[in-house]
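Since the structure comes first, as structure tokens, the remarks are kept for the end.
Only the coordinates and a few stated rules stand behind these numbers; no lab work does. A quick note: this is a predicted structure, and the numbers were derived from the prediction, not measured. Neighbour counts run over all protein chains shown; Cβ positions are idealised from the backbone, glycine included.
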Amino acid sequence: MLSYTKRCVYGVTLILTLFVYYLTDSIFFSKGQVNKNEVMVNQVVKSITEKKNEGNNRTNTTKTITNTVVTNTLKMIQKPKSGLVKKKQNDWKIEIPVIGLDAEIAEGTSSSVMDQFVGHFEVTSKWNGNVGLAAHNRGYPVNYFQRIKQLQKGDLIIYTTSLGIRKYQVKTICVILDTDWTYLENTKDNRITLITCVENKPEYRRCIQAVEIK
């Protein structure tokens, strides 16, 4: 039979062995749980990342499609179909190089016309004979005849239409009554007559008349 002392030693050893076993098992079990938790977390993060990337790809695809549609629409608007483009009519104008005038001409002498163009007296010719033109000289949106008072005899006037280009040389410089229409009467030779107001003299008009030069 074992003595009392030996039995105590064996008992203590057994208790220590069991304690070490449970402690070791607990440690490894906890470590395994941590590893499992890490795996689960990584899987969740991966899933969220994939969904985010998928969302970004869908967003980028949507943006690309939208930009393509907008670009093509703008091209269709900015590029009219052949045969429907109307060329701007810019072949009716007057130039006076000495005073730096280069202005488009339009039919009529109403305010709406002369606020944008040099106006053509409808009772006068557009090509052969006497061409009558009028424009403002101050106080309006455009004042194309502002400097014609500086013209001198011999100065050049260039008149352009769809029929061609004619050059005239200034011959007459005068001030006339606003009721005097004689300078706008038709002539056998080709002339151009410019009419505008006289500053502070509403009853008078400034008249410049030039004759064609060959």
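Close amide H pairs (under 5 Å, H built 1.01 Å from N) link residue 92 with 105, residues at least 5 positions away or on another chain. Around the amide H of residue 155, modelled in the peptide plane, lie the amide H atoms of 170, all under 5 Å away and 5 or more residues distant in sequence or on another chain. Here segment 93-212 is treated with +1 on each Lys and Arg Cβ and -1 on each Asp and Glu Cβ, and its dipole about the Cα centre works out to around 360 debye. Count Lys and Arg as plus one, Asp and Glu as minus one, and take only other residues whose Cβ is under 12 Å from that of residue 118; the net charge is then -4. Ranking 118, 133, 100 by Cα position along the charge dipole of segment 93-212, where only Lys, Arg, Asp and Glu carry charges on their C-beta atoms, puts 100 farthest toward the positive end.
Using the Cα coordinates of segment 93-212, the gyration tensor eigenvalues translate into equivalent-ellipsoid semi-axes of 19, 16, 15 Å, sorted from longest to shortest. Relative contact order of segment 93-212: 24 percent, from C-alpha pairs under 8 Å at least 6 residues apart in sequence.
The fewest-to-most ranking of 193, 160 by surrounding Cβ atoms within 10 Å reads 160, 193.
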